[in-house]
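The values are calculated or read from the model by the stated rules, or taken from the named source; none is laboratory data. Computed from a prediction, not measured in an experiment: that's the story for all the values here. All Cβ positions, even for glycine, are placed from backbone atoms using ideal geometry, and neighbour counts span all protein chains on display.
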Amino acid sequence: MLTAIIVAGGSSQRMGFDKLFAPLNGRPVVAHSIAAFENTASVHDIILVGRADRLSDYEEIVRLQGFGKISAVIPGGARRQDSVQKGLERLAQDCNFVAVHDAARPLVRPAMIEKIYQCAKRHGGAASGAPVRDTLKRVDGQLRVIGAIERSNLYAVETPQIFRRDLLAEAYRAIANAALEVTDEISAVERIEGAIMLLPNEEPNFKITYPADLPLGESVLRQRGAR
């Protein structure tokens with residue numbers, strides 16, 4: 001059974017307002033992320049981990065949008081990994097695979113979620129990634145260029161990231177015991193040398209980070225609707 005943990009606990013400091021409630025093509029950003037998993041056949045249930053002060057707002061979105069797979073809406077922690085841990089603690093006993101997704105990635109599609117899941121079932125862990133196309137430079141503390149980074153094998157990793165439950169649980173225990181901070185699940189699983197496969201993704205699945213990302217997301221959704 002596959003359970004999705006959608007992490008919606010960020011502070012949105014770079015946006016200046018709570019981006020997850022910003023309108024995007026007629027519904028809040030977070031609703032698009034939930035809908036993608038709601039419409040994925042292999043997803044059995046969804047745990048939404050949000051800011052403690054806005055849980056009632058998330059619950060209202062769930063009610064208005066008619067989402068039926070939400071099994072829990074719970075408060076997150078201070079860090080992303082703390083929020084994921086709280087989601088892991090709410091998994092049902094018969095759950096054997098876990099998808100962790102950033103709510104600020106509203107453009108993910110059910111077909112990609114399914115592909116990642118099938119890959120994770122074969123290898124233990126999987127995620128999608130966009131090939132890096134830009135020239136990358138390394139700089140010093142004064143932003144002076146001091147070198148280049150070869151980009152031929154570089155990917156910008158996305159979410160969802162899907163893992164066997166036991167593998168992800170072991171990884172999170174390891175980072176907790178080592179008092180480490182990680183920014184995603186792959187970083188945690190890497191610590192215990194777990195196998196992770198990356199699926200190249202040519203479709204937009206970017207994270208809403210800055211105000212300019214909202215009209216870009218609108219454009220993507222309109223084009224999809226037109227097709």
Discussion item. Six or more apart or on different chains, Cβ atoms under 8 Å: show the pairs whose first residue is in segment 133-150 and of a type in the set (Ser, Thr, Tyr) and whose second is surrounded by 10 or more Cβ atoms within 10 Å (Cβ to Cβ).
Written reply: THR135/ALA148; THR135/ARG151
Worksheet item: Among the residues of segment 71-104, which ones are closer than 11 Å to ALA8 by Cβ, in contact with a helix residue (DSSP H, G or I) (Cβ under 8 Å, 6 or more places away or on another chain) and of a type in the set (Gly, Ala, Ser)?
Response: GLY76, ALA103, ALA104
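Residues of segment 83-121 being among the charged types (D, E, K, R) and in contact with a strand residue (DSSP E or B) (Cβ under 8 Å, 6 or more places away or on another chain), which ones? Spell out how you get there, then give the answer.
First, pick out the residues of segment 83-121 that are among the charged types (D, E, K, R): 86, 89-90, 94, 102, 105, 109, 114-115, 121.
LYS86, ARG90, ASP102, ARG105, LYS115, LYS121 - these are the residues of segment 83-121 that are among the charged types (D, E, K, R) and in contact with a strand residue (DSSP E or B) (Cβ under 8 Å, 6 or more places away or on another chain).
Among ALA179, ALA156, ALA226, which is the only one that is modelled with pLDDT of 95 or more, on the phi < 0 side of the Ramachandran plot and small (Gly, Ala, Ser)?
Working: ALA179 fails: on the phi < 0 side of the Ramachandran plot; ALA226 fails: modelled with pLDDT of 95 or more.
Selected residue: ALA156, the only one of ALA179, ALA156, ALA226 that is modelled with pLDDT of 95 or more, on the phi < 0 side of the Ramachandran plot and small (Gly, Ala, Ser).
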Worksheet item: How about segment 47-70: which of its residues are farther than 16 Å from VAL29 by Cβ, out of contact with any Lys or Arg (no Cβ under 8 Å at 6 or more places or on another chain) and surrounded by 16 or more Cβ atoms within 10 Å (Cβ to Cβ)?
Response: LEU55, LYS69, ILE70
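On the given criteria, is GLU114 touching a residue at least 60 places away in the same chain (Cβ under 8 Å) and in a helix (DSSP H, G or I)? Before the answer, list the steps.
On the way: touching a residue at least 60 places away in the same chain (Cβ under 8 Å): yes; in a helix (DSSP H, G or I): yes.
For GLU114, the condition - touching a residue at least 60 places away in the same chain (Cβ under 8 Å) and in a helix (DSSP H, G or I) - is met.
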Discussion item. Of the conditions (1) at pLDDT below 95; (2) part of a helix (DSSP H, G or I), ARG151 satisfies every one except a single condition; which number is it?
Written reply: (2)
